[in-house]
Amino acid sequence: MSTEERTKQLLYEQYIRFFHVYEDHKDKEIEHFLSIAQREAFENFPLNLTAVHMIDCIGRHEPINNSGIAEAMNLSKASITKIGNKLLEEGFVKRTQMNDNKKESYFRLSQQGKKIFDLHERLHELEAERFYRFLDKYSEVELKVIHKFLQDASIDIESR
């Protein structure tokens, strides 16, 4: 086996390992979020990450309708309706209508939803800081190669 073939094999093995580690981390992400929410004495919080991300989407774009959320989150309108109704029922969001369009309803965050939004934003900021510190060990040239690899890998995965 040539050196290039061996390197590709090692990269593939590491690529698969990365996905397994990421899956494990993703499963623990909601547990981490919930433990912080409990520690900060939140009365109520969504129990799945998609609902938290929908709160984040609404918080960033409010007022926003089902179609806007579905497009921003790359989910079906049916999923957004289902999650939105649950968030409405649990008091995380409010449904409003615009003065010029009485047919369509829009979501806004309630006070409780804003607390979840703020917590989620703080956690993302901490993750970003941690990731930037992790990247500090690479040169600018290496960072450009990593960026190109991640871009190409994302395109390849999306095309499947």
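Nonpolar atom fraction for the chain, defined as the carbon and sulfur part of the 1.4 Å probe accessible area, stands at 54 percent. Around the amide H of L109, modelled in the peptide plane, lie the amide H atoms of K94, all under 5 Å away and 5 or more residues distant in sequence or on another chain.
For the pair K86 and S35, label points projected 7 Å from Cα toward Cβ lie 2.3 nm apart.
When the chain is treated as a GNM, springs tying every alpha-carbon pair under 10 Å, which of V52, V21, V145 comes out with the largest mean-square fluctuation? Maximum fluctuation in the GNM of the chain, among the listed residues, is at V145. Per residue, segment 1-139 exposes an accessible area of 71 Å² to a 1.4 Å probe, with every protein chain left in place.
The values are calculated or read from the model by the stated rules, or taken from the named source; none is laboratory data. Keep in mind that this is a model prediction, so the values were computed, not measured. Every residue, glycine as well, gets a Cβ built from its backbone with ideal geometry; the counts of neighbours run over all protein chains shown. Side chains are part of the model used for accessible areas, which takes the heavy atoms of the whole protein and leaves out ligands, DNA and RNA. Shrake-Rupley method; radii C 1.70, N 1.55, O 1.52, S 1.80 Å.
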